[in-house]
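Quick notes on the structure that follows.
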Amino acid sequence: MAERQSADVFWAKPKTVEQIIKLVKVANEFGLNIRPVGHKHSWSPLYADNGDIGLDLTLLVGSRFTLDKERMLASSLGSALLSEFINFTRENGVTIPSAPSVPDATLQGVIGTAAQGGFIKDGPTAIYVNAIDLVDGQGNVRHFNEDDDKDVIAACKVHLGMSGIIYNTTVKVVPDTTFKFTKFNVRVQDLMFNPENIKDLVMNNDGLYLLYNAFNGATDEEVNARDGDELHRPPDSWTPLNDLLQVWIYNQENGTTIHDIGEEFPETWTLNDNTEYEATSDYRTLSETIFFPAAFLDSVHLRRNTGWIGTESEDFSDSQRTIKNFFQVIEESLKKYGMTYESYYGLFKWITHQDDCVLCHTKVAGSFKTVIDYEWVLSTATGLLSDNAVPQWAKIYDSIPGIYNHIRNVYGSSFREFITIRNKKSLDPSNIFMNSMLKTLFQDFLEEEGAAKSEL
């Protein structure tokens, strides 16, 4: 059973890098661990343990953003929100191509947990990292960049807070060009269980989101039957296959647009099987395709949903197995346990694996180099676990039996590679940036590598 989790920690909000250095040295002196604190994006137990230090960078002062337009590089300080960084780059005509729809996260948190957007041909936002500035486990200020430290950048693209206190991150950006954004609704049965329709959408578009809200295709009789049930259980007649998916697609335009930016206009979208759907389109900049509404509470972020990355095959049969299991688990669980939340949503995306990212969860990709990213509510998390899927780093639930062994089995040599690079560069020789979850996951590799020799 899942349970409420909490920790009593020393809460630190440094304003300067010098204060971060002092906190790291204090942690070493008193044998404490120190963990960077995020902005409610991660639902995994990545926080500091009881009695340790939680480091909140929201008050950090300094140059919040920089832009090198000649090299197409932009940086963000750890105190800035992702939405603020996107606004800065947009004002300067550039953007990250893809990022998750969590505007109140930080660039550092998004990168550190391998969060991703819906840009199909790229992987997680972490793949854009070019340079990082951090305070290491001995209180030293370090700078690494892709030109001089390719192995460190590959390891630190997804670092889970284990490589130091990263207070400034530089990423690659692209021109913020115009994209056509299209929305339409389609029945689950007609899209998700037709691999040729899905393949066509994934292979022939730049960006794709498929949003599912359970029970939105129910008849009036089925709604009345559910509402009359003590646990709000859907009746046996209901099937998620008759519910509607909202399809969001975006593609780069060639400059021949006849509508103004932001002006909606009707269109018809044709799927691979020649079925047609009424759609609504508008033109917007690439940066404006990133953020969509997400549910956050001011003081408590409920861990409601779980996210997974699964393999995909060239004929899209791998995702068919995933999708069939997904909707079967949903139907069985809702009919058994009821609908206690206001809404039950699912989200599907496809992204590409990039090899130069040691801990990217897209590593489950096979030779096709493509993965399916899917999310659903926590009540069905165990049912969605499979050999060809790994949980997203920001949505790990330790209540799932065997989850840590499963993660270790999937990553295996990647964990060893990460720890080897981390030790070689002496980023955290005393392991003060770990917590109980990370120690559990990486313990075998920490012991295997032993103490690192400093290269400073």
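Where a number appears in this text, it was derived from the coordinates with a stated rule and is not lab data. This is a predicted model, so every value here is computed, not measured. Cβ: placed from backbone, ideal geometry, glycine included. Neighbour counts: every protein chain shown.
Can you compute the charge dipole magnitude of region 65-175 about its Cα centre, using +1 on each Lys and Arg Cβ and -1 on each Asp and Glu Cβ, nothing else charged? Give it in debye, rounded to the nearest 20.
240 debye
Taking the 0 to 90 degree range and rounding to the nearest ten, how far is the long axis of helix 17-30 tilted relative to the main principal axis of the chain, both from C-alpha atoms?
70 degrees
Please list the non-local residues whose amide H lies under 5 Å from the amide H of Thr95, H modeled 1.01 Å from N, same-chain partners needing a gap of 5 or more.
Residues meeting the criterion, in which the H sits 1.01 Å from N, are Val174, Asp176.
What 222 nm value per residue comes from the helices of the chain, counting each DSSP H run with n ≥ 4 as -39,500 (n - 2.57) and dividing by all residues, nearest 500 deg cm²/dmol?
-7500 deg cm²/dmol
Region 266-287 to region 50-65: how many Å between their Cα centroids?
43 Å
May I ask for the net charge around Lys335, where only other residues with Cβ less than 11 Å from the Cβ of Lys335 are counted and Lys, Arg are +1 while Asp, Glu are -1?
-1
Which one, Ile421, Phe65, Thr170, projects farthest toward the positive side of the charge dipole computed for the chain from Cβ point charges (K/R +1, D/E -1)?
Towards the positive end, the residue furthest out is Ile421.
Within the chain, what is the longest stretch that has no GluC sites (Glu not before Pro) placed in a DSSP loop and near at most 16 other beta-carbon atoms within 10 Å?
Longest site-free region, per DSSP loop and neighbour criteria: 71-229.
Taking the Cα centre of region 107-164 as origin, sum charge times position over the Cβ atoms of Lys and Arg (+1) and Asp and Glu (-1), and report the length of that vector in debye to the nearest 20.
Magnitude of the dipole: close to 240 debye.
If I fit a long axis through the Cα atoms of helix 436-449 and take the longest principal axis of the Cα atoms of the chain, what angle between them do I get, 0 to 90°, rounded to 10?
Taking the Cα atoms of the chain, the angle to 436-449 is about 60 degrees.
Taking R0 as 45 Å, what FRET efficiency do you get between Val61 and Thr340 from their Cβ-Cβ distance, rounded to the nearest 0.05?
For R0 = 45 Å, the calculated efficiency reads 0.55.
His159: net charge of surrounding residues, Cβ under 11 Å, Lys/Arg +1, Asp/Glu -1, itself excluded?
Neighbourhood net charge equals +1.
Which net charge results for the neighbourhood of Met203, defined as the other residues with beta-carbon distances under 13 angstrom from its beta-carbon, given Lys and Arg at +1 and Asp and Glu at -1?
-3
With a Förster radius of 41 Å, plug the Cβ-Cβ distance of Asn405 and Thr280 into 1/(1 + (r/R0)^6) and report the FRET value to the nearest 0.05.
0.35
Let's test the formula: R0 of 56 Å, r as the Cβ-Cβ distance of Trp11 and Ser313. What FRET efficiency results, to the nearest 0.05?
0.75
Please state the charge dipole magnitude for region 141-289, taken about the Cα centre, from unit charges on C-beta atoms (+1 on K and R, -1 on D and E), reported in debye and rounded to the nearest 20.
680 debye
Taking Cα atoms, how many degrees apart are the long axis of helix 82-91 and the longest axis of the chain, rounded to 10 and kept between 0 and 90?
So the helix axis and the longest Cα principal axis differ by about 80 degrees.
Just subtract the alpha-carbon distance of Asp260 and Arg71 from 0.36 nm times their residue separation and send over the number in nm, one decimal.
So the chain would gain 65.0 nm between Asp260 and Arg71.
Which of Ser237, His353, Phe327 sits farthest toward the positive end of the charge dipole of region 178-400, with +1 on the Cβ of Lys and Arg and -1 on the Cβ of Asp and Glu?
So the residue furthest toward the plus end is His353.
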